[in-house]
1. Which one of these is on the phi > 0 side of the Ramachandran plot, at pLDDT 75 or above and surrounded by fewer than 18 Cβ atoms within 10 Å (Cβ to Cβ): Gly93, Gly48?
2. Being on the phi < 0 side of the Ramachandran plot, exposed (fewer than 15 other Cβ atoms within 10 Å of the Cβ) and among the aliphatic types (A, V, I, L, M) narrows it down to one residue among Ala133, Ala142, Ala152, Ala168; which is it?
3. Where residues in the range 51-85 are aliphatic (A, V, I, L, M) and in a loop (DSSP other than H, G, I, E, B), which of them is modelled with the highest pLDDT?
4. Note down all Cβ pairs under 7 Å where the first residue falls in the range 98-117 and is polar (S, T, N, Q), the second is buried (at least 19 other Cβ atoms within 10 Å of the Cβ) and in a helix (DSSP H, G or I), and they're at least six residues apart or on different chains.
5. In the range 185-197, how many are more than 26 Å from Asp88 (Cβ to Cβ) and surrounded by fewer than 17 Cβ atoms within 10 Å (Cβ to Cβ)?
6. Restricting attention to the range 167-205, and to residues there that are modelled with pLDDT under 95 and of a type in the set (D, E, K, R), which single residue is nearest to Leu116 (Cα to Cα)?
7. Can you find a residue in the range 143-153 that is more than 25 Å from Lys50 (Cβ to Cβ), in a loop (DSSP other than H, G, I, E, B) and touching a residue at least 60 places away in the same chain (Cβ under 8 Å)?
8. If Asn194 meets every condition in (1) without any contact (Cβ under 8 Å) to a residue 12 or more places away in the chain; (2) part of a loop (DSSP other than H, G, I, E, B); (3) in contact with a helix residue (DSSP H, G or I) (Cβ under 9 Å, 6 or more places away or on another chain) apart from one, which number is that one?
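The values are calculated or read from the model by the stated rules, or taken from the named source; none is laboratory data. From a predicted model like this one, the values you see are computed outputs, not experimental measurements. All Cβ positions, glycine included, derive from the backbone under ideal geometry; neighbour counts span all protein chains shown.
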Amino acid sequence: SGILLQLHQNDQPIRLAKMPTLVKNADKLEEELKQKVEEIALLCEWPGHKVDRAQKRAQASLTPEEQTLFSIGRKHYLTSCASCHGDDGRGIGRFAPPLKGSEWVLGDDRQLALILLHGIEGPIEVNGHTYQAPEILPVMPAHSVLNDKEIAAVMTYIRNDWGNNGGAIKPGRVGHIRHRSQGRVQPWDVKDLNAHLAGLENQDL
């Protein structure tokens, strides 16, 4: 942790001649060590791998515990979300809109949690552009099978990668939001989601 903190405080990436063997073989490591290796890799550059300084600064503001959430979230994102939203968060045509710079990601954290928990259907406006089928899939599915820590991890990751700087989300926050929307079985549309959020304004959430 001390080494990571020292590296975080230096705005210059560490330049390497090639991908470190430890990074190349990270999938063979135990999960905790693998996460640490991935965190260090985000601070280094080598041919074919560049550091996004805005991303680096956003991640440097995370505590060690939040960095762990970020790493867990990255793993879930690449497994479950990147095929539609893209590895770079820019979205993929005919699948899903961008997450990079999206007000849906960087805005109200309740809104983002509710979308992950229950899914959402289009049309949806992102960064001034209205997305709907066939430009994107009609519905983003729910990810309610993920537990509160996993949902918080995905949120923390997408709010702090690709130049986003939205801060971390605690698992307890997700649990509270999940409890307030339990029983819902249909994906949101934008109108229903906004109405639900308006109903929460005067509640302790």
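1. Just a single option satisfies the conditions, and that option is Gly48.
2. Details: Ala142 fails: exposed (fewer than 15 other Cβ atoms within 10 Å of the Cβ); Ala152 fails: exposed (fewer than 15 other Cβ atoms within 10 Å of the Cβ); Ala168 fails: exposed (fewer than 15 other Cβ atoms within 10 Å of the Cβ).
On inspection, the qualifying residue turns out to be Ala133.
3. From the range 51-85, those aliphatic (A, V, I, L, M) are 51, 54, 58, 60, 62, 69, 72, 78, 82; that's our starting set.
Cutting the leftovers down to in a loop (DSSP other than H, G, I, E, B) gives us 51, 62.
Values: Val51: 67, Leu62: 88.
Selected residue: Leu62.
4. Gln111/Trp104; Gln111/Leu193
5. 8
6. Top of the filtered list is Arg184.
7. Taking the range 143-153 first, the residues more than 25 Å from Lys50 (Cβ to Cβ) are 143-152.
If we keep only those that are in a loop (DSSP other than H, G, I, E, B) as well, we get 143-147.
Checking which are touching a residue at least 60 places away in the same chain (Cβ under 8 Å) leaves us with 143, 146.
For the range 143-153, residues more than 25 Å from Lys50 (Cβ to Cβ), in a loop (DSSP other than H, G, I, E, B) and touching a residue at least 60 places away in the same chain (Cβ under 8 Å): present.
8. Unmet condition: (2).
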